[in-house]
1. Any idea what % of Cα-Cα pairs in segment D:218-348 are farther than 22 Å?
2. Could you grab the relative contact order for chain A? Cα pairs under 8 Å, six or more apart, rounded to a whole percent.
3. Remind me, what semi-axes does segment C:81-156 give for its equivalent ellipsoid, largest first in whole Å, using sqrt of 5 times each Cα gyration tensor eigenvalue?
4. In the P(r) worked out for segment A:39-139, what percent of Cα pairs fall beyond 23 Å?
5. Tally up the carbon and sulfur contribution to the accessible surface of segment C:49-138 as a whole percent, 1.4 Å probe, everything protein left in place.
6. So how far, in whole Å, is the C-alpha centre of segment A:223-271 from the one of segment A:157-211?
7. Give a residue-ordered list of calculated ³J(HN,Hα) values for segment A:81-98 (Karplus: 6.51 cos²θ - 1.76 cosθ + 1.60, θ = phi - 60°; whole Hz; x for Gly, Pro).
8. If a paramagnetic tag sat 7 Å from the Cα of C:Lys186 along the Cα-Cβ line, which residues of segment C:277-314 would have the backbone N under 14 Å from that point?
Amino acid sequence: MGEKATIYLVGGSQSDDNWSQLVPVLYDIEDIDKIRQHGVAGVLVGTLGGAPQQNVFLGVPLRLMMEEALWLAEAGHAVLQRVTGQDLIHSLEGLHAETLKKWKDEDSAEMGRQLEWKRAKFLQKMKTIRGTNAEAEPCDVIKDRDEQLMKHSIFVETKDISRLAKQYSETVSGLLCQQILAHDKKLRFNYKVYKALRENGYFMSPGARFGGRYVAYPGDPLRYHSHLTVQDARGKEEDIDLLNMINGARLGTSVKKTWVLPGVSSDKEAPDFYSVEWAGFG
Amino acid sequence: MNGENTALCNAVFTNLVYQQLWTETKIVDFGDVSVVCGIPSHKLTNDQNDTETEGDGQASTATEKHFVYPILMHQYKNSGLTMNTIDHVFSQLPNTLKRLTLGIVNDDGTIVYYFIYKGLRKPKKN
Amino acid sequence: MSDNEDTFNDSDVDGDELLQDWSLATKFIGNNKSVIPLRGEKDFEPDGTSIQDSLLFKAKKVMFDVLRQPDRGTIVKNQVKAYYDSESHTAIVKSPKGTFTNTIGSPNSNGSLTLQFHEFVYLVERGSVSPIVQIELEHGEEEYLLSLQDVYTLFTSQDELDKFFVYAYLKRMGYIVFPADWKYGKQSSIYDIHTTHNAIIRGGCVHMNRIFNIFTSISFSWLKSWVKTFNSITNFTPTRFASTSAIFQSINNVIPYYIPPKTKEQLLERKSVCNTKSYVSNYQIAFDVWKPNPNFKKSNRYLPDFQIVMHNKNCQNTRFPNLSDFKKIFEQLDHKFSFIDEVDDILEKTTKSNDTRSKTVDKRIDKPTNETNNVHAAKNSKDSYGQSMKRIKLGYRSFLLAVMDCGLVSIIKVSEADFGSENIWYVPPTKQSNKHKAKRPKNNQRPKNR
Amino acid sequence: MAKRSFGNRLRYKHPLPIEADPVPSLWRNPVQALTWIMDWAMRWKETRIIDVSINQLGQILVCDAWQMKYLWEHGFFGTGQLSRSEPNWQARTMSRLQLEDGNGVNLEAVTDARRRQRLEFKKLRAEFEAKKLKMRQMGIVDEQFQEQERVFLKEKRDKELAFEGDLPHIRETDLELIEGNTVVQLEKLQLLPVEAIFLTYAIPVLRIQLPQLLPSLISEVKCFQDIKRLLEQYVAYHHYRSKGWCVRSGIKFGCDLLLYRRGPPFQHAEYGIMVLDANQSNDYTWYSSAARVVGGAKKQLVLCYVELLVSEEDAVELWNQGKYHALFSSCKIHELLYKRWVAGKNRD
């Protein structure tokens, strides 16, 4: 396990050059844990195998906003890997028979362990049932029928993580990060805002439902309430839609979130923020 | 200060004195920015910062002066308020001031008030 | 579990956090230590105490423990293999079994089942199928079991991912979902010819009625435009009015408004008008959605309950629909319009009203209605007022707009509304007629110009 | 509900500021009947009875006490500049200064007292929080204490609504208001621009004509952009008024207009209207925050699109030529209901 988490950019094809529309995801729970320690929580989007009939608790993959992926890469906490279906198929086709055999052996070894464990459990059970008159039937022999049942009940898992990924992914360099930003002005503006907030200790999550670009938490969202609804970054010379501001600030007051207006200027790296709340009268 | 500005300040002034019942209310010019200053009739906020400095919760903010910057909001045209405008207003006011009150004069006859803080400000805790 | 979804959404309305409370997750996943704060018991901010730190540590542990459980898969006996085919970007289940086959996949003549890519990923995520790729080696074909990561790598665009998220979101809630352009089997259409047939078979009365409707709508709009021209030429506004209704009527015809189709006949008429224009829309219906129903047959589908259109709010090439986008979406719709039943309901309850425009649901025509007419006259005006309100509130054609924000799904129901056709004005009692304290105009009373 | 009292029904009998008078029976009162018809045909009856002034800020004001009352009682037009809606500042101030027996409890005073009480509650909660933090810093988690806190705060919140009749002290400024045993009327009734247009053009009760009113709102019209918003807002306003809705400003709930069945004393508004132009497409957050504010107040959000049926140049031309009727008639209304859809609640 490397120090840096690996973030995969999916949803593209080899011919694509607009990388700002790629989707950053993680599959490895250790990596998810790592980036969480760096203040990036992300959004779980996969069905949870154990409870597939609800939308409240989801599992891997974890989806990030592009801002998060870029920040983690820039801060040196993660590497970005671009992957496409074509590359995957290509590397599958190029697999050596030995590699494949090695993996197959690993799989059957694991299944073997499962079977072993099941056998032991079975024998244990037999012992407790027939413990007293053990001489009637030997309790260390498993009948074919039972053996068959056990084999059928071995669990075949669909693993989260790919064995092949290393072979088909292409590392995205810092230069390409800049290219992603160059493609998308809105993302470029918002990235400045994201970065400033993150470096102020905030955890961000997508905020459209709450009427903003981000909802910002003062620490891990598992433990803390969110504090801010942050609007899309804007030029400081842009008109403020007062009705929209009144809406946001009114809403903010009732749900205890400050409505934050971030302004960016091309000559300054750091954005300026104004926080707005209802005054409590009028 | 132009005529519309004076009229705008007067509208907010009247509203603060006679509807919101503020005291020590007056219109003050800071450079080219005019604001209405005054003291609310009762304590407005008791966010955490207030309670922390107040010790046993005596209403100290009630005597704190508020600076209200008036702005006109029409159903049918833009207000012209930008972040640059807000920068400018802050730059003219005493530089210890962290909070500006925006007095939005609507064309339906009501005036609504919003606080604007420089930078990031966490919400009231309670 | 659905209760969770509900409270979750209610708290969304209350502005509560949108965050998963993993201590509840452990309830139905097995691990039973509730160390994650219950809703509303989160802290305001970090306070630097080690107690808070340890609470956070435990909360994270529960979450990661749940995530680490290897529970995506099946036992050997129940294993269903789905073979991904990169050419067609679909997967084939050679020997389909399991309940999912009722509502997922397109059956082939050889008994196999073709899964569209989103169906494939969804089943893989649930652990219902094992994702396999067949690889050619020198000594023959080998089956390779893909991981979830490999499967996600196969997505070709953000758009496809977004659609998948919405699909999975609805499937997890039990809905039956198929792409709107799914070619398999038969699907009913509200524009099926038999509705017109019916109308014709019903014969004289109904038919006359329809013609009459068209006639009145034409003549009415003609009258309206005539009054408008008259008014604007003469600039005539009376200053004395015999009744409050007359005052309202004098201002009622100034602003034209759109009237959505409200009956099957009107839908058909609209369709024939719109078919002649060729619409190119940026917004296509992505999915047809049916409420959970064990009797659903995918080979012969009744009208869907909902239709979904997608919008990614962060994509630089897309925008939230404007009016003409909305219009084009509405013209594409073909699902169970609940207002048609509502119109039936209303007709059943009320007596025949003066208005003939929107009251052409043929089934009801032969019902005796006249005898009740006078008896309940007073009550009816009140009822019809309530029904006006109900029609406004329910609206007419509608669709669901699924808005994507970096993997989070919000769904909005957008319906056509018609405030213009309902006059709800209040008529004060006059000295002459003090029998009724307050009156409302009769349902859909058409303003008549003097 | 007290809101539907008989008194209100009587007071707000007329939905519009022109009262209808039925045609007298030609049989019994032939002379009166003929006069009525003459009146109708010759438009002799004077309906323009309200004086308005427009100040520097473009505020359209009614100052006469009777006229203010008349407009409020006949369809809820305008807002008192020193009140939340109905112009009742004078009465409120008199009861505040105890110049007459306050007739019952004044609603705005109750709201204020409630707000203050809520602050009190919040302070207590903050004290608990502080105590909890101290205990934590000492490494103590006391379940019992937390339970106590919960019970106490709940009790306190339940009591919150109890009204305390404390009144603010009298200021020097207040003394200047007193004239004999009454208070000078400082309050004016302000009309929304769209209300003023409606009361000039559709229900002619203001003593002003559109060619005077409109230029005082928009001095020079060069392009469609100059009149676009006002035109759209008016067309929407007229549309709902003409169907019988009581239409008021939506600023309180972050939308353009609010629709009441009869008016604020009778029931809460049911619909919040956002007026958009046909080509408008905002960022999704704009719709979602509007829907949340409007929805949070148990109202339904309506997107009211205004489509221009003539070219923008023609519209400007019509405006500048004073052909307002033709201009308004060239705008078409399209309405959409916008509602959050919850997957868990629509399955059966």
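The values are calculated or read from the model by the stated rules, or taken from the named source; none is laboratory data. This one's a predicted model, so the numbers in the text were calculated from it and none came from an experiment. In this analysis, Cβ positions are derived from the backbone assuming ideal geometry, glycine residues included, and neighbour counts consider all displayed protein chains. Note: accessible area is taken over every heavy atom of the protein model, side chains too, but ligands, DNA and RNA are not part of it. Shrake-Rupley method; radii C 1.70, N 1.55, O 1.52, S 1.80 Å.
1. Within segment D:218-348, distances greater than 22 Å cover 43 percent of Cα pairs.
2. Reported as a whole number, the value is 16 percent.
3. Taking √(5λ) for each eigenvalue gives 19, 15, 11 Å, largest first.
4. Working: 3377 of 5050 pairs.
Summing the P(r) tail past 23 Å for segment A:39-139 gives 67 percent.
5. For segment C:49-138, the apolar C and S fraction of the accessible surface comes to 50 percent.
6. About 21 Å separates the Cα centre of segment A:223-271 from the one of segment A:157-211.
7. 10, 8, 10, 9, x, 4, 4, 4, 4, 4, 6, 5, 5, x, 5, 7, 4, 5
8. C:297-303
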